[in-house]
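Here the structure comes first, spelled out in structure tokens, and everything after it is commentary.
The values are calculated or read from the model by the stated rules, or taken from the named source; none is laboratory data. Predicted model, so just to flag it, every value in this text is computed and none were measured. Cβ placement follows ideal geometry from the backbone for every residue including glycine, while neighbour counts extend to all protein chains displayed. Side chains included, ligands, DNA and RNA excluded: accessible areas come from the protein's heavy atoms. Shrake-Rupley method; radii C 1.70, N 1.55, O 1.52, S 1.80 Å.
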Amino acid sequence: MFPPQVPTTDVSELDAEHPVPEGVVLLDVREQDEWDAGHAPDAVHIPLGELPVRWGELDPEVPILVICHSGGRSARAVAWLNQGDFDATNLDGGMVAWSQRGFPVEQ
């Protein structure tokens, strides 16, 4: 679905018991109202529009799995992050697929 320069993982590839692999940060790039409506536990919230000024909050030594509503904004975030020193992967299907898969959502 995305060009090869945007590494992508489908939600179905995640472990049902531990959807976010150990040692990986889940970065949610949705807007505040979307985050407030429900997000993955332990996710880091940096809206896409704030990423250029808040990227310093992320550790370039830690792999990042990026999520949004359905996968579009997260793909843009991954492309931007990977132009720098980050190892980022897009989570295709986003929070829609995450919740359909039965993974935990908190408010």
For region 68-107, how many residues are of a type in the set (Lys, Arg) and closer than 15 Å to VAL6 by Cα? 2
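Test ARG73 against the criterion of being of a type in the set (D, E, K, R), surrounded by 21 or more Cβ atoms within 10 Å (Cβ to Cβ) and assigned to a helix (DSSP H, G or I), and give yes or no. Steps first, please.
Values: of a type in the set (D, E, K, R): yes; surrounded by 21 or more Cβ atoms within 10 Å (Cβ to Cβ): yes; assigned to a helix (DSSP H, G or I): yes.
The answer is yes for ARG73.
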Output the residues belonging to region 21-70 that are closer than 16 Å to TRP80 by Cα, in a loop (DSSP other than H, G, I, E, B), out of contact with any Cys (no Cβ under 7 Å at 6 or more places or on another chain) and open to solvent by less than 20 Å² (accessible area, probe 1.4 Å). ILE46, PRO47, LEU58, CYS68
Considering residues that are free of Cβ contacts under 8 Å to residues at least 24 places away in the same chain and among the small types (Gly, Ala, Ser), the number found within region 52-101 is 2
Condition first: within 21 Å of ASP36 (Cα to Cα) and among the hydrophobic types (A, V, I, L, M, F, W, C). Now tell me which residues in region 65-107 satisfy that. LEU65, VAL66, ILE67, CYS68, ALA77, LEU91, MET95, VAL96, ALA97, TRP98, PHE103, VAL105
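Could you tell me which residue of region 76-107 is nearest to PRO47 (Cα to Cα), considering only residues that are open to solvent by less than 10 Å² (accessible area, probe 1.4 Å) and in a helix (DSSP H, G or I)?
From region 76-107, those open to solvent by less than 10 Å² (accessible area, probe 1.4 Å) are 77-78, 81, 88, 90-91, 94, 98; that's our starting set.
Filter again for in a helix (DSSP H, G or I), leaving 77-78, 81, 94, 98.
Numbers: ALA77: 10, VAL78: 13, LEU81: 13, GLY94: 14, TRP98: 18 Å.
Looking at residues that are open to solvent by less than 10 Å² (accessible area, probe 1.4 Å) and in a helix (DSSP H, G or I), I get ALA77.
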With respect to HIS18, is the statement that it is at pLDDT below 95 and open to solvent by 60 Å² or more (accessible area, probe 1.4 Å) true? yes
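Has region 33-44 got any residue that is of a type in the set (Val, Ile, Thr), in contact with a Leu (Cβ under 8 Å, 6 or more places away or on another chain) and at pLDDT 95 or above?
Of all residues in region 33-44, those of a type in the set (Val, Ile, Thr) come to 44.
With in contact with a Leu (Cβ under 8 Å, 6 or more places away or on another chain) added as a condition, the list becomes 44.
Right, trim to at pLDDT 95 or above and you get 44.
Looking for residues that are of a type in the set (Val, Ile, Thr), in contact with a Leu (Cβ under 8 Å, 6 or more places away or on another chain) and at pLDDT 95 or above, one finds at least one in region 33-44, hence yes.
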